[in-house]
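Working notes for the structure below.
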Amino acid sequence: MPKKKSTSTEESDSDAKKETKASTSKKASDKETNKEKKSKSKNNSGSTKSDKEEATKQQNQQKKQAEVNIGTIGHVDHGKSTLVKALSGTFPDTHSEELKRGITIRLGYADTDIRYCPKCPEDKKWTTKTTCPKCEAETKISRRISFVDAPGHEVLMATLLTGASIFDGAILVIAANEDCPQAQTREHLAAMNAVGIENIVIAQNKIELVSEEQAMKNYQQIQDFIKGTIAEGAPIIPISAIHEANLDVLIQTIEEVIKTPKRDETKPARMFVARSFEVNKPGTRPEELIGGVLGGSIIQGVLREGEMIEILPGVPFGKKIEPVTTRITSIHAGTVGRVPEAKPGGLMSIGTNIDPSLTRADSLVGSIIGRPGDLPPVWEEVDLRIELMDFVVGLDEKIKVKNLAIGEQLMLNVWTAITLGEITKIAKKNVITVKLRRPVCAEKGTRVAVSRRISRRFRLIGFGIIQ
C-alpha cells in the first residue's frame, strides 16, 4: 500500500510550482519592459532627431533674407502704414517730414516673419508674433517677407509706380468708414494693372469705426468696384489694423494668394535700385568715408560681396550719362543684417566704393545693377506698343482718355526709373516712338506705365511694351 505524502512535502511542491510560475511571469514581464524601453528609446531618438531638424530649419529661416515683396497700396490715410506696423512691428514712415505730416512721402520698407502656431488649427494658427496670441505656444517661421509701403497721396503717384515695379503682390487697403472707391483707390488699382501685378488681397480696414450695417454696405461697394478689374475675385478681409483685429485671417490669405514666385538664380544678376543714399555723417574725415549705398531688390541671379558690378544707365558727366563700374563692399538684407550674397526676393542694400555724393538723396533710383557686360541695353529713344485706359483715374470727375499726339510730353515708369519723353512718331498698331529726356536701361518686352499731364499733374493713362 503506497505511502501517503506528508503535508510538508505537498506544501514544498506547491511553493516550488508557485515560484516557477512567478519566475516565468517575471521573465515575461521583464521582456515586455525591455521592449517598451527599446520602443521608447527609439521613439525618443526619432523625436529628438525630428526636434533637432526642426530647430535647425528654424535657425536657417532666421538667417534667410526675405523671399517676397508685398506692396501696401490705397487711398491716403486709409491705414496702410498702420497695417505694416501691426504686422511687422516697424512703422515705415521714418523720415522727419513724413512723421510731421502724417503721410508716406517716400517708399517705406519693413521686413517681418510670417509665423504659425503648431498647436492651433489651420484657420487660427497664423501670426507674425514669436508667441501665439491664442495659446501662448512658441511659433515657427513659415517665410520672411518685405513690405513696400507706397504713398497714397495723388502727387506721389510716380513714387508708387516706382515701388510697384518690385512688388510680387499687393494688399489694397480700403477704409470702411469712407465710400468706395476713393480717387487714389481707383488710381492705385489701375497702377497694378499697368505694371502687371495680379496677386492682390483687399484689407477692409477701420471696421472699428463703423456699424455692422455700414461695414456690409462698404463691403458691397468694394465688390462692385473690383468687378472687371485686375482685382476681380480678390479676397476681401475685414480688419482693424490699429486694434490688430482679424490679422490672423489676413495673414492666412496672404499665404494663400501671394505665393513666393519661382526665381532663377542661374540667370545674369539684375537688381532694381529703388533707393540710394549716403551713410556718412557730417564732418567725417576723408580717409574714413564710406562709399555710396544702393537699395532695392534682385529679380534674378545672385550678387556676392567682393564682386565687380556695373550700374546703368549711369551718372551724369557733363551732357552725357556715363556707366559706373564699382565693387560690392557689403550686402545687408533687411533684419538679417550683413550677408555674403543676395538672392532674388526681398529688399537689400549694397555698399559700394563709389563716391557717396553720387548716391545721395535717391539720385541713382531707377538704375539697374548687374555684372559688367551682362545688363540690358540703354535706351535714349524707345518704341512702345501702347494700350490706353478708357478713362483717367485719380480724379473725382470722369474724363475720357484722348488719343496721343506727336509732340506730347509723357512720363514713363520703366521698372524703378522715372523719365520724361516726347512723342516723335506714331505708327500703326498703337506703336509710338518716344525721345527720352533721361535714358533708361531695360530689355525688350518690358512693361512701362504711361502718364500724361492732366490738370497740372501727370495722370496714369495706360501702359506700353518696349518693342
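Here is how the numbers come out for the structure above:
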| quantity | calculated |
| --- | --- |
| All strands (runs of 3 or more DSSP E) inside segment 335-442 with 3 or more residues being crowded, with 20+ Cβ neighbours inside 10 Å and of a type in the set (D, E, K, R) | none |
| From 141, 114, residue being more than 30 Å from residue 195 (Cα to Cα), part of a strand (DSSP E or B), modelled with pLDDT of 95 or more and within 16 Å of the chain's Cα centre (by Cα) | 141 |
| Single match in 323, 313 (criterion: part of a strand (DSSP E or B), touching a Phe, Trp or Tyr at 6+ places or on another chain (Cβ under 9 Å) and not assigned by TED's automatic domain parsing to the domain that holds residue 188) | 313 |
| Number of positions in segment 406-436 that are modelled with pLDDT of 95 or more and over 16 Å from residue 165 (Cβ atoms) | 18 |
| One residue from 295, 301, 306 being modelled with pLDDT under 95 and not assigned by TED's automatic domain parsing to the domain that holds residue 111 | 295 |
| Yes/no for residue 185 being crowded, with 24+ Cβ neighbours inside 10 Å and outside the structural domain of residue 395 (by TED's automatic domain parsing) | yes |
| Residue list for segment 175-211, restricted to those being farther than 30 Å from residue 414 by Cβ and assigned to a helix (DSSP H, G or I) | 207, 208, 209 |
| Filter result (touching a Ser or Thr at 6+ places or on another chain (Cβ under 8 Å) and among the aliphatic types (A, V, I, L, M)) within segment 297-314 | 308, 309, 311, 312 |
| Count of residues meeting criterion [buried (at least 24 other Cβ atoms within 10 Å of the Cβ) and in a strand (DSSP E or B)] in segment 160-174 | 5 |
| Residue match in segment 257-273 (condition: among the hydrophobic types (A, V, I, L, M, F, W, C), under 22 Å from the mean Cα position of the chain (by Cα) and in a helix (DSSP H, G or I)) | yes |
| Subset of segment 416-455 that is touching a Pro at 6+ places or on another chain (Cβ under 7 Å) and not β-branched (Val, Ile, Thr) - its residue that is farthest from residue 157 (Cα to Cα) | 443 |
| Which numbered condition residue 291 fails, given (1) in a loop (DSSP other than H, G, I, E, B); (2) more than 21 Å from residue 338 (Cα to Cα) | (2) |
| Condition check for residue 390: in contact with a strand residue (DSSP E or B) (Cβ under 9 Å, 6 or more places away or on another chain), more than 23 Å from residue 286 (Cβ to Cβ), in contact (Cβ under 8 Å) with a residue 40 or more places away in the chain and not assigned by TED's automatic domain parsing to the domain that holds residue 186 | no |
| Residue that is farthest from residue 174 (Cα to Cα) [pool: residues in segment 197-229 that are surrounded by 19 or more Cβ atoms within 10 Å (Cβ to Cβ) and aliphatic (A, V, I, L, M)] | 197 |
| Residue within segment 134-153 that is more than 19 Å from residue 259 (Cα to Cα), of a type in the set (Ser, Thr, Tyr), surrounded by fewer than 17 Cβ atoms within 10 Å (Cβ to Cβ) and outside the structural domain of residue 347 (by TED's automatic domain parsing) present | no |
| Scan of segment 109-165 for residues that are closer than 24 Å to residue 412 by Cα and polar (S, T, N, Q), ordered by number | 159, 162, 165 |
| Checking residue 231 against (1) outside any strand (DSSP E or B); (2) free of Cβ contacts under 8 Å to residues at least 40 places away in the same chain, the condition it does not meet | (2) |
| Per-region count, segment 443-456, residues surrounded by 15 or more Cβ atoms within 10 Å (Cβ to Cβ) and either closer than 23 Å to residue 391 by Cα or in contact with a Gly (Cβ under 8 Å, 6 or more places away or on another chain) (or both) | 7 |
| Test: residue in segment 256-270 that is without any contact (Cβ under 8 Å) to a residue 40 or more places away in the chain and farther than 22 Å from residue 443 by Cα | yes |
| Conditions (1) modelled with pLDDT of 95 or more; (2) in contact with a strand residue (DSSP E or B) (Cβ under 8 Å, 6 or more places away or on another chain); number of the one not met by residue 225 | (2) |
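The values are calculated or read from the model by the stated rules, or taken from the named source; none is laboratory data. These numbers come from a predicted model, not from an experiment. Quick reminder, even Gly has a Cβ in these numbers, built from the backbone with ideal geometry, and neighbours come from all protein chains shown.
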